[in-house]
Amino acid sequence: MKKDTHELIGSICAVTINKNDNIVELGYCYGSKFWGKGYATEALRNVILYLLNECDVYLIEARHISGNPASGKVMAKAGMHLDAVLKREELINILKKEMTKLFIRLQKKI
């Protein structure tokens, strides 16, 4: 939510929660008119801090496709680090194209 107008600009959610290993995968999306203004980084950073400090979360994961490097920059600015690059083929518009999913993690310091 935008602070000055209280306008909803996007969302962040726990896409997957692994309670056995205390791992959370986060996902987020924002309206394009709010891109590049730091809102996503600020929100992601605050959610990460909350999960690591207030919840029993040990590891936070997120991912993005290679075609969206801005999302990876948001994750990096929020303190996450590239952990792995996985490749797979997906059917997109009836053409097979290689999609790279970047898995980014932030681990709780003990």
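No value in this document is a laboratory result; all are computed from the given coordinates. Just so it is clear, the structure is predicted and the values come from calculations on it, not from any experiment. Heads up, the Cβs are rebuilt from the backbone with ideal geometry, glycines too, and the neighbour counts pull from every protein chain shown.
Worth a mention:
- Taking amide H as placed 1.01 Å from N in the peptide plane, HIS64 has its amide H under 5 Å from the amide H of LEU102, each at least 5 places away in sequence or on another chain.
- The distance between label points at LYS109 and THR5 comes to 3.8 nm (points 7 Å beyond Cα on the Cα→Cβ vector).
- Cβ-Cβ FRET estimate between CYS55 and ASN20, R0 fixed at 25 Å, reported to 0.05: 0.95
- Ellipsoid fit via the Cα gyration tensor, the stretch 2-50: semi-axes of 25, 11, 9 Å, each the root of five times an eigenvalue, largest first.
- Taking other C-beta atoms within 10 Å as the exposure proxy, TYR30, TYR58 rank TYR58, TYR30 from fewest upward.
- Residue by residue, the stretch 52-69 carries 3J(HN,Hα) couplings of 6, 9, 10, 10, 8, 9, 9, 9, 10, 10, 8, 8, 8, 7, 4, x, 10, x Hz when phi is fed to the Karplus relation 6.51 cos²θ - 1.76 cosθ + 1.60 (θ = phi - 60°); x denotes Gly or Pro.
- Computed on the stretch 1-91, the Cα convex hull volume stands at 125 Å³ per residue.
- Couplings 3J(HN,Hα) of the stretch 10-20, computed from phi: x, 8, 10, 8, 7, 6, 9, 10, 9, 6, 5 Hz, in residue order, whole Hz [Karplus 6.51 cos²θ - 1.76 cosθ + 1.60, θ = phi - 60°; x for Gly and Pro].
- Packing order of peptides 69-80, 11-22, highest average first: 69-80, 11-22 (average count of other Cβ atoms within 10 Å over each peptide's residues).
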